[in-house]
There are 2 protein chains.
Amino acid sequence: MSDLPSYLESVAKTIDRMIDRDFVDKAGELNKASAHLLAAGGKRLRPAVVMLSADAVTPGSSDEILQAALALEVTHTFTLIHDDIMDDDRMRRGVPTVHTKWDMPTGILAGDVLYARAFEHICMTNSKDDAKVRAVKMLARACADICEGQHMDMSFEHRSDVTEGEYLEMVRMKTGVLYAAAAGIGAVLGGGNVMQVKALYNFGLNTGIAFQIQDDLIDLLTPAEKSGKDQASDLREGKQTLIMIKAREKGLDLKKYQKDLSPAEINAAIKELTDAGVLDEVQKIASDLVADSNRHLSILPPSKERQLLMDVGEFFITRSY
Amino acid sequence: MSDLPSYLESVAKTIDRMIDRDFVDKAGELNKASAHLLAAGGKRLRPAVVMLSADAVTPGSSDEILQAALALEVTHTFTLIHDDIMDDDRMRRGVPTVHTKWDMPTGILAGDVLYARAFEHICMTNSKDDAKVRAVKMLARACADICEGQHMDMSFEHRSDVTEGEYLEMVRMKTGVLYAAAAGIGAVLGGGNVMQVKALYNFGLNTGIAFQIQDDLIDLLTPAEKSGKDQASDLREGKQTLIMIKAREKGLDLKKYQKDLSPAEINAAIKELTDAGVLDEVQKIASDLVADSNRHLSILPPSKERQLLMDVGEFFITRSY
C-alpha cells in the first residue's frame, strides 16, 4: 500500500491553510471572487508535485518553497476561472463558477488577480534569486502554452478530423506543461542541478498528458454518482478526445451517440469501444507515458519522494474519478 | 524647447521594432490576436519611463533593459484587451478591439498570453538576478492593483456619490501603479539603490495619477477631430470623474448633460464648469501631483534623463490629446 493518499492529504491541509490565510481572509469583493474557486477544494495535486520534486533533489527543501507550491495551485485556478467564462460552464468543484456567482467582468479580473499573485508567491520562497528567476520563466512559459492549448481545444470544437498528434499536442499544452512546470519549479527552487530539473520537468510533462487522457476515460467509464460529472458527456457532444480519434481511425461510427444517452446506450458504446480495442489502445498510450516518465526519474537518487512521484504517475492513470 | 518629443519618437521606434520581431512575426491565430493591439501604435510612454529611469540611476543602462521597457508596454496592452471585453468597447487605437475582431474567448486568451510574456521579458534583461526578482514582484503587485482599480471603476458606474478620495484611490490603482512600476522597474534593473528606486516609484505613481486626471480633462475639452474620441462622453454618460465630483461638491447639476450633446451644449457645459472654478481646481490637483513628483526626482544627480522625466510629467498635464 502506497503512502501517497496520506501524503496528498497532508499537502492538501497545508495548502488549504495557506489559501485561508493569504486569499480567503482578504477584504473586498474582488478578493472574495478570486478566493472563491481556490477555496472550493481540489486535490492540490500540483502543489504535491512541486513539493515532492523539491524533496527529491534536496531532502527537506520543500519546507522552504511552500509558497511556490501554492503558486502552482493559484495558477491552475486562474486558468479554470477564465476557461469557465470561455466555455460558459456554470458549476465547478460543486460551487457556481466565478462569472456565474458574480459576473463576466469580475470573473476576468478574479483570474487576472490570481495570475499576478502566482508570480508574487514564486518570489516569496526561501530560494536563491537565480532559481527564482528560472522558476518565474518556467511559470510564464507554462501560462502562455496553456493559453495556446485552450485556444487549440476550442478550435477542435468546429472540426471532426483532429488527428492523434494534434490531440496530444493540445493536451501537452493545456495540461502537461503545468505539471511539467510544477515538477521543474520544485526542482529548480529545491536546488536541483540542470539534469535533475530537466528530468523532473519531463516527468511532469508526461504524467500531465497521461492525467488528461485518463480524464477522458473517466468521462466515459465512471457513473455520475461516483465522478460528480455527467457520464459520457464527451461522447454526447462529439468531443474530439483520444477515444473518439482512435474510434474514427478504426472506422467506428460514434455519431449515433451524439444525443441524450440512457445507461444502456452508454454501456453499448463502452462495449463497442472495448471490442474494437479502442479503450485498450488509449489506456496503453497513457501507461506508456507514465512508464516513460518513471525512466526520467531514474537519474534521481532513490528516496521516499522519488517513489511517491512514481506513485503519483500510477495514481493518475488508475484513478476512476 | 524640450528634447522630449524626439526622445519619445526614438523610444517608440525601438519598441515598435521589438514588437514586430517578438510578437507580430509569430505564427498562429492566437499570437496574431495577441499582437493586434500591441502593433496598432501608441505613444510607448511606459517604455520611455522605464528607460529614462534606468539611465537616470546609471547612465547608459537602458540599453541592457530594453526587454523590460517592452514588458511594460505588453502589460499595459494586456489590461486594455481585457478592459475592452469588460466594457464591450469596439474600437481602440483606430482598430477594432481584439474581442470584436476575433471573439470574447480569444480576447481573454490574447490578454493572458501577453500577461505571461511580460514576465518572460522582464527576465530577459541583462540585469542581476536579485534585481529581476524585485522587478517581477513590482510588476505582479502592479497587475493585481490594476485589477482592483478596474473593479473599483466599474463599481462607480452604479453610484453617484463617489468621493474625491475614492476617485483618486481608483486612479492610483488603475493608472498610477503601472507608471510607478515602469519607473521603479527601470530604476531597480538599472542598478539603482533603495532610495532611488523608491523615489522613481513615487515619481511614476504621482505622474500616472496626473496623467489620468488630464485624460478626463481632454475628454471634456478636446474636439473629436483632434482626440480621435467622442468629445464629452464622460459628461454624457454621467461618469464619476474628478470633474463631475468637484462639480457635485459645488452644487452644479450636470444631469442635464446626460444626453446626446451638440457642440453648443458642450461649450455651455465647459463654460459652466469654468465659471464655477471646477476646471481650475482639477487642473491644480494634477499640477500639484506633478510638482510633487519632481520633488521626488531631486534626490537623483542632475542629468539629461532626469530633466526628460520632469518633461514627461509636464507633458502629461499639458497635452491636449
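Only the coordinates and a few stated rules stand behind these numbers; no lab work does. Quick caveat: nothing in here was measured; it's all calculated off a predicted structure. Here the Cβ positions follow ideal geometry from the backbone for every residue, glycine too, while neighbour counts run over all protein chains shown.
Quick rundown of the values:
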| read-out | value |
| --- | --- |
| In the stretch B:162-178, the residues that are in contact (Cβ under 8 Å) with a residue 24 or more places away in the chain, under 20 Å from B:LYS284 (Cβ atoms) and outside any loop (DSSP other than H, G, I, E, B) | B:GLU164, B:TYR167, B:LEU168, B:VAL171, B:ARG172, B:THR175, B:GLY176 |
| So A:MET138, is it under 22 Å from A:ALA180 (Cβ atoms), at the interface with chain B (Cβ under 9 Å from one of its Cβ atoms) and either free of Cβ contacts under 8 Å to residues at least 12 places away in the same chain or not polar (S, T, N, Q) (or both) | no |
| Residue match in the stretch B:23-38 (condition: surrounded by fewer than 18 Cβ atoms within 10 Å (Cβ to Cβ), touching a strand residue (DSSP E or B) at 6+ places or on another chain (Cβ under 7 Å) and touching a residue at least 24 places away in the same chain (Cβ under 8 Å)) | no |
| Residue within the stretch B:98-110 that is more than 14 Å from chain A (Cβ to nearest Cβ), surrounded by 14 or more Cβ atoms within 10 Å (Cβ to Cβ) and either farther than 21 Å from B:VAL177 by Cα or of a type in the set (Lys, Arg) (or both) present | yes |
| Filter pass, A:THR100 being under 23 Å from the mean Cα position of the chain (by Cα) and hydroxyl-bearing (Ser, Thr, Tyr) | yes |
| Any helices (runs of 4 or more DSSP H) falling wholly within the stretch B:1-88 and containing at least 2 residues that are of a type in the set (D, E, K, R), within 24 Å of B:ALA110 (Cα to Cα) and away from chain A (no Cβ under 14 Å) | B:4-19 |
| Test: residue in the stretch B:125-134 that is more than 7 Å from chain A (Cβ to nearest Cβ), in contact with a helix residue (DSSP H, G or I) (Cβ under 6 Å, 6 or more places away or on another chain) and closer than 30 Å to B:ILE245 by Cα | no |
| Condition broken by B:ASP161, with the remaining ones in (1) within 16 Å of the chain's Cα centre (by Cα); (2) more than 10 Å from chain A (Cβ to nearest Cβ) satisfied | (1) |
| Candidate set from the stretch A:66-81 (those that are out of contact with any Leu (no Cβ under 8 Å at 6 or more places or on another chain) and free of Cβ contacts under 8 Å to residues at least 60 places away in the same chain); member that is surrounded by the most Cβ atoms within 10 Å (Cβ to Cβ) | A:LEU70 |
